[in-house]
Amino acid sequence: MESSQFSVTANAKKLADQFTAGKLDYAPLSPDDVSHYTNSNNLKMMSTLTSAYIFFNTSMGDTTNVHLRRAIAQAYDKHLLTQSKLKDGAIPLNGLIPKNLAKSPQGVDYRTDTGNLETYNLTKASQQWAIAKKQLGTQHVSLTLLVADNNTAKVSASFLKGQLEHNLPGLKITIKTVSLAKRVAMEAAGKYQLVFSTWTPADTDPYNFLTFYKTGSQLNITGYTSNKADRLINQANSNNPAKRWQMIQRTERYLMEKEVPSAGVFQAGQAYLLNNRVSRFSISPSGLVNYEYARLKSTD
């Protein structure tokens, strides 16, 4: 029987150094470290089902303005973020529901079947920004972006700040970095304007993503409430597979194109180093490693 040894640390750079020194067979990488291993055949990448969003506080402050939310949702280049900053297998998330989660009754991936929503579009973003400023009665809006204290969140927040301030002149973004536990507590209390947050689904039912915005849902950190949205969400929970699929699509389009309580940022990637002597290494779609099934190549 093969034995296993583990090294646990929050310092990804240290793990990568230990891998290079031959002390580890597997080491996850942070976005800052990926570029150092671009030419290595030990570098592996994959996209996961974990999705990253900007959530808007729809209960108070300037972010109650739907035109401001629409402007922000279309004013940052997700492809540039994933390919030039994260570089870990992440892909743009154009909508609420990620790719490779579920297939239609006809066998088509949900994201492919539904199409892209909230895409990067400076023309539309600028139009919505002009309306927002007029309705808010100001040429300058200052917002705080709340993020957890981890590398991916900080890289993403810095990128979003630069893009939003450049593409929406007059908008100022201040980044507030706190521990993950404090960010979650502040989300739950509604003590934020914008928050960068991720979610990993427990199953493959796209309907569960809609409950982010159902009135009274514990997942509804935005405070968003709408009688129409509640009706659509309820109708989407149909026992008829074809009707259920169509209603989930209709509800997502309404939420993401009309109301915009959140904006998709990316579908998270996972970059890691893997020793060539490993013959089998299982990572679930959610990004969790199943070490039980890891195997090394035979030395016979």
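The values are calculated or read from the model by the stated rules, or taken from the named source; none is laboratory data. Nothing here was measured: the structure is a model prediction, and the numbers come from that model. Here Cβ is always computed from backbone atoms with ideal geometry, including for glycine, and neighbour counts include all displayed protein chains. Heads up: the accessible areas ignore ligands, DNA and RNA and are worked out on the full protein's heavy atoms, side chains in. Shrake-Rupley method; radii C 1.70, N 1.55, O 1.52, S 1.80 Å.
Quick one: which of V108, V66 is open to solvent by 30 Å² or more (accessible area, probe 1.4 Å) and either touching a residue at least 24 places away in the same chain (Cβ under 8 Å) or of a type in the set (S, T, Y) (or both)?
Working: V108 fails: either touching a residue at least 24 places away in the same chain (Cβ under 8 Å) or of a type in the set (S, T, Y) (or both).
Result: V66 is the single residue among V108, V66 that is open to solvent by 30 Å² or more (accessible area, probe 1.4 Å) and either touching a residue at least 24 places away in the same chain (Cβ under 8 Å) or of a type in the set (S, T, Y) (or both).
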(request) Among residues belonging to region 218-233 that are assigned to a loop (DSSP other than H, G, I, E, B) and at pLDDT 90 or above, point out the one that is most open to solvent (accessible area, probe 1.4 Å). (result) T225
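Output the residues belonging to region 30-48 that are hydrophobic (A, V, I, L, M, F, W, C) and buried (at least 19 other Cβ atoms within 10 Å of the Cβ). Before the answer, list the steps.
Of all residues in region 30-48, those hydrophobic (A, V, I, L, M, F, W, C) come to 34, 43, 45-46.
The one that is hydrophobic (A, V, I, L, M, F, W, C) and buried (at least 19 other Cβ atoms within 10 Å of the Cβ): V34.
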(request) Could you tell me which of the residues A157, A102, A153 is among the hydrophobic types (A, V, I, L, M, F, W, C) and either without any contact (Cβ under 8 Å) to a residue 40 or more places away in the chain or open to solvent by 40 Å² or more (accessible area, probe 1.4 Å) (or both)? (result) A157
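For every residue, the table says whether it meets (1) at pLDDT below 95; (2) outside any helix (DSSP H, G or I).
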position: F159; (1), (2): no, no
position: I173; (1), (2): no, yes
position: Y192; (1), (2): no, yes
position: F212; (1), (2): yes, no
position: G216; (1), (2): yes, yes
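Pull up region 76-88, narrow it to residues that are open to solvent by 20 Å² or more (accessible area, probe 1.4 Å) and part of a loop (DSSP other than H, G, I, E, B), then point me to the one that is nearest to G287 (Cα to Cα). Full working, then the answer.
Initial filter on region 76-88 (open to solvent by 20 Å² or more (accessible area, probe 1.4 Å)): 77, 79-80, 83-85, 87.
Those left that are additionally part of a loop (DSSP other than H, G, I, E, B): 77, 87.
On the way: D77: 24, K87: 16 Å.
That would be K87.
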(request) Please determine, by comparing only the residues of region 275-290 that are farther than 20 Å from W199 by Cβ and not hydroxyl-bearing (S, T, Y), which one is least open to solvent (accessible area, probe 1.4 Å). (result) V278
